[in-house]
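The values are calculated or read from the model by the stated rules, or taken from the named source; none is laboratory data. Keep in mind the model is a prediction, meaning the values are calculated, not measured. All Cβ positions, glycine included, derive from the backbone under ideal geometry; neighbour counts span all protein chains shown. Keep in mind that these areas ignore ligands, DNA and RNA; they rest on the heavy atoms of the full protein, side chains included. Shrake-Rupley method; radii C 1.70, N 1.55, O 1.52, S 1.80 Å.
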Amino acid sequence: MSLSFEGRVVLVTGAGGGLGKEYALAFAERGASVIVNDLGADTKGGGKSSAAADKVVEEIRAKGGKAVANYDSVEDGEKLIQAALDAFGRIDVVVNNAGILRDRSFARTSDLDWDLIHRVHLRGSFLVTRAAWNHMKKQKFGRIIMTASAAGIYGNFGQANYSAAKLGLVGLSNTLAIEGSKYNIHCNTIAPVAGSRLTESVMPPDLVAALKPEYVAPMVLWLCHEQCQENGGLFEVGAGWIGKLRWERTQGCTTRQKNQTMTPEAVRDQWDQVCDFTHSTKLTTVQESLQSMMTVLSKVESGHDVGTGPTAGPAAAASSSSGINPMAAVGQKLPQTTFSFSHVQCILYALGVGMSTKDPDHLRFLYEGHPDFSCLPTFGVIPSQAAMMSGGLSTVPGLDIDVTQVLHGEHYLELYKPLPTSGILTSEASIADVLDKGSGALILLDVNTYSGDVLICFNQFSVFVVGAGGFGGKRASEKAKAVVQPPQRAPDAVLVDSTTRDQAALYRLSGDWNPLHIDPSFAAMGGFQAPILHGLCSFGFAARHVLKQFADNDPARFKAIKVRFVKPVMPGQCLQTEMWKEGNRVHIQSKVKETGAVVLAGAYVDLHETAEVSVGVPQGGLQSELVFAEIGRRIKESGGELVKKVNAVFGWEITKDGKNAAEWTIDLKNGSGALHPGPNGGKADVTFTVSDEDFMDVVLGKVNPQKAFFSGKLKIRGNVMLSQKLEVILKDHARL
């Protein structure tokens, strides 16, 4: 479904030509009632004429659209908004586009040159927006566009007046985004590059002709639509390309100590560190900036040596006492690990999580000669645990931790294809985030495991370090896989299994050699009366209970599992798994039957539908088939939600050895969405052509999509703007 502005009233300033005219025509074409404002002045602000605005209104009306002209200066902001109210009864969108140029080198800039630019660009945008503000607040809706410039962001010779005004608009927009958010008023800033009266004097004629305004207008329309939730953004846009900008700050360096004079020599001596972006941070609020400064002040005044070096900035000062520095740690990669295994390790793991020949259905996991011999899905944790077992966390910069205080708090596992029963797997681990939980630090460790170049599974370890909190970091992260509480009703199924006295001794043979699970004296130091069962052993018990109850013990039905470890289990106790099925998700809660103590909470297992389990081996030798199969699963699970967010049809042409090898159509416009193999019959809004190898590199994050596009590896036909929405389809859906 196309974006409609039916019923919306839009004011575009400076709409008599160039970008403003294109905005007005585009809004009107999609049903908006448009106020076409243009003073009719020349590029330097002189003169006045109604002709420009009238001509645009005539063009809109000739096409059946609704528009009125307004000839007031943007300095008369109230008059512009009143024109909208008089003609259409409301105001929904304001596009502050009006502008002039009075370029001079700084030494030759007069007061008039400075004042006129600021009056039109900055003060004019302020006055028009202020006049619309209360109307937008009352109706709980508003969309505002400020027009900045690359000159304001980066500076440009001969445009000191213009640059200052344009960057001022960025600050104005950022504040309006904050103040307007609770009223559903969103304000964003664009820095467009397009051929217009203002750019024809600074660009070659052929470039002016190529940078058409219609390559900018779709971005403005999207930012102004009710579906768009972007707020406070700054975007460069031109030639059909769009990029978002953000602020970045170095880790910095504290150049003074308590009761010591801060000197210019100290600044000089540490200047390289002040300007080193190696450990940069990206701030988004004044509060974040101020908090970091206050943290340094507190450390200095308390007499702590904040020091210098890559861990000596505001965040580092906050973390010095705990040994945790998120800025230094996040993004760090641990050494790559390899895991070589055969059917022996698969069988040993199955026995370790309680499988037995007493159950005939277990034989496929215990006997290598079984016709359906398979590896249990939760075996996927074993190749990844080397990152934890090797003590690699303590070697990460910014993670000065006591390994004896490390607890495994939560775990997430997702499979992208059934696990092989033998082979060599490679795991790559990185620090996804570090959170301050007060009583401790929570480290998110992401591990991707590959068979060759094919991504097999993804694990996320949530590691809690007792006593390492209080470093002033954030408490939550969007990167964390969240637990989900079960429904408030009786479980749909309950299974009980007994662990044996030697369960932990058996499970540890799969690679978790922590003496806490075997040595009574070591367990006593941890406050336990006896060695405890591994949390991931209970994890395996619960997963196979779900597999048995709801998937006929078919490992290909398994997709993902998330658990929070709550309390320990003693070997010999009975594990009781309570299950609630809702769609393809099975919520689970595990308890010790003898005591009723909950040991796994907020847990769930996601399953594939029965008809969708034949994706283990790509047909035709295309790795991309695995990706599209996964996309198909996600569409069946949440297609309705994706249709609302995306509202488009995507065509994919996958090539191999220079020849067309496969075609796919992702329909997220009709019904509940669908994935179809084969050509789209011209129904696609945008079509991508890419080789199978390059497709996988893009999806796996090895190649930036923009670089792939500009290098010619990724070709796009149709509405290129829709390519932005691919993230909704691919992002975090399968770690594709």
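Restricting attention to segment 14-24, report how many residues are touching an Asp or Glu at 6+ places or on another chain (Cβ under 8 Å) and crowded, with 24+ Cβ neighbours inside 10 Å.
Going through segment 14-24, the residues touching an Asp or Glu at 6+ places or on another chain (Cβ under 8 Å) turn out to be 14-17, 20, 22.
Pick out the ones that are also crowded, with 24+ Cβ neighbours inside 10 Å and you get 14-16, 20, 22.
Residues that pass the stated criteria total 5.
Could you run through segment 167-181 and say how many residues are more than 25 Å from the chain's Cα centre (by Cα) and open to solvent by less than 10 Å² (accessible area, probe 1.4 Å)?
Initially, segment 167-181 is screened for residues more than 25 Å from the chain's Cα centre (by Cα), giving 167-169, 172.
After this cut, where a residue has to be open to solvent by less than 10 Å² (accessible area, probe 1.4 Å) as well, the list is 169.
Qualifying residue count, segment 167-181: 1.
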key: Wholly enclosed helices (runs of 4 or more DSSP H) of segment 497-591 bearing at least 3 residues open to solvent by 10 Å² or more (accessible area, probe 1.4 Å) and of a type outside the set (Phe, Trp, Tyr)   = 520-525, 535-551
request  = May I ask you to list the residues in segment 681-708 that are modelled with pLDDT under 75 and assigned to a helix (DSSP H, G or I)?
outcome  = Pro705, Gln706, Lys707
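So is Val10 modelled with pLDDT of 95 or more and either among the aromatic types (Phe, Trp, Tyr) or closer than 20 Å to Trp133 by Cα (or both) or not? First the steps, then the outcome.
Numbers: modelled with pLDDT of 95 or more: yes; either among the aromatic types (Phe, Trp, Tyr) or closer than 20 Å to Trp133 by Cα (or both): yes.
Here the answer is yes, as Val10 does meet what is asked.
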inquiry  = All but one of (1) surrounded by fewer than 22 Cβ atoms within 10 Å (Cβ to Cβ); (2) small (Gly, Ala, Ser); (3) in contact (Cβ under 8 Å) with a residue 60 or more places away in the chain hold for Ala148; state the number of the condition that does not hold.
reply    = (1)
ask   = Filter segment 629-646 for residues that are over 20 Å from the mean Cα position of the chain (by Cα) and buried (at least 17 other Cβ atoms within 10 Å of the Cβ); which is farthest from Thr689 (Cα to Cα)?
value = Glu637
request  = Tally the residues that are loosely packed, with under 13 Cβ neighbours inside 10 Å and part of a loop (DSSP other than H, G, I, E, B), restricting the search to segment 387-409.
outcome  = 2
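So in segment 182-206, with the set limited to residues that are at pLDDT below 60 and not polar (S, T, N, Q), which one is least open to solvent (accessible area, probe 1.4 Å)? Spell out the reasoning first.
Just the residues of segment 182-206 that are at pLDDT below 60, to begin with: 195-204.
Cutting the leftovers down to not polar (S, T, N, Q) gives us 195, 197-198, 200, 202-204.
Working: Gly195: 11, Arg197: 122, Leu198: 40, Glu200: 114, Val202: 85, Met203: 44, Pro204: 69 Å².
Restricting to residues being at pLDDT below 60 and not polar (S, T, N, Q), the top hit is Gly195.
Limited to segment 106-116, what total is found for residues that are touching a residue at least 60 places away in the same chain (Cβ under 8 Å) and either assigned to a loop (DSSP other than H, G, I, E, B) or of a type in the set (Ser, Thr, Tyr) (or both)?
Our first condition is that a residue be touching a residue at least 60 places away in the same chain (Cβ under 8 Å); within segment 106-116, this holds for 116.
Next, only the ones that are either assigned to a loop (DSSP other than H, G, I, E, B) or of a type in the set (Ser, Thr, Tyr) (or both) stay: none.
Qualifying residue count for the region: 0.
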task = For segment 45-71, name all the residues that are modelled with pLDDT of 95 or more, out of contact with any strand residue (DSSP E or B) (no Cβ under 8 Å at 6 or more places or on another chain) and open to solvent by 70 Å² or more (accessible area, probe 1.4 Å).
result = Lys55, Glu58, Ala62, Lys63
message = Can you go through Ala441, Ala386, Ala468 and tell me which one is of a type in the set (Gly, Ala, Ser), under 19 Å from Phe339 (Cα atoms) and modelled with pLDDT under 95?
response = Ala386
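Gly467: surrounded by fewer than 17 Cβ atoms within 10 Å (Cβ to Cβ) and under 25 Å from Ala629 (Cα atoms), yes or no? Write out each step before concluding.
Numbers: surrounded by fewer than 17 Cβ atoms within 10 Å (Cβ to Cβ): yes; under 25 Å from Ala629 (Cα atoms): no.
No; evaluated as a whole, the condition is false for this residue.
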inquiry  = For segment 456-465, check the following and say yes or no: at least one residue is at pLDDT below 95 and either touching a Pro at 6+ places or on another chain (Cβ under 7 Å) or over 24 Å from Leu415 (Cβ atoms) (or both).
reply    = yes
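Does Asp657 qualify as being modelled with pLDDT of 80 or more, within 26 Å of Glu226 (Cα to Cα) and not hydrophobic (A, V, I, L, M, F, W, C)?
No: the conditions fail for Asp657.
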task = Answer yes or no: is there a residue in segment 128-145 that is modelled with pLDDT under 95, crowded, with 20+ Cβ neighbours inside 10 Å and within 30 Å of Ser33 (Cα to Cα).
result = no
message = With the requirement that a residue be open to solvent by less than 40 Å² (accessible area, probe 1.4 Å), among the β-branched types (Val, Ile, Thr) and not in a strand (DSSP E or B), what does segment 228-266 give you?
response = Thr250, Thr254, Thr255
query = Hey, among the residues in segment 437-464 that are open to solvent by 10 Å² or more (accessible area, probe 1.4 Å) and either among the charged types (D, E, K, R) or closer than 16 Å to Gly323 by Cα (or both), which one's farthest from the chain's Cα centre (by Cα)?
reply = Ser439
note = Taking segment 126-137 and keeping residues within 33 Å of the chain's Cα centre (by Cα) and touching a residue at least 60 places away in the same chain (Cβ under 8 Å) leaves Ala132
key: Options Thr421, Thr426: the member that is open to solvent by 20 Å² or more (accessible area, probe 1.4 Å), outside any strand (DSSP E or B) and in contact (Cβ under 8 Å) with a residue 12 or more places away in the chain   = Thr421
ask   = If Arg104 passes every condition in (1) open to solvent by 20 Å² or more (accessible area, probe 1.4 Å); (2) farther than 26 Å from Gly158 by Cβ but one, which one does it miss?
value = (2)
ask   = Pick from segment 267-279 the residues that are out of contact with any helix residue (DSSP H, G or I) (no Cβ under 6 Å at 6 or more places or on another chain) and surrounded by 14 or more Cβ atoms within 10 Å (Cβ to Cβ): which of them is farthest from Leu642 (Cα to Cα)?
value = Gln270
inquiry  = Looking for something over 21 Å from Ala482 (Cα atoms) and in contact (Cβ under 8 Å) with a residue 60 or more places away in the chain - is there at least one such residue anywhere in segment 579-589?
reply    = no
note = By residue number, the members of segment 344-370 that are open to solvent by 50 Å² or more (accessible area, probe 1.4 Å), among the polar types (S, T, N, Q) and free of Cβ contacts under 8 Å to residues at least 24 places away in the same chain are Thr357
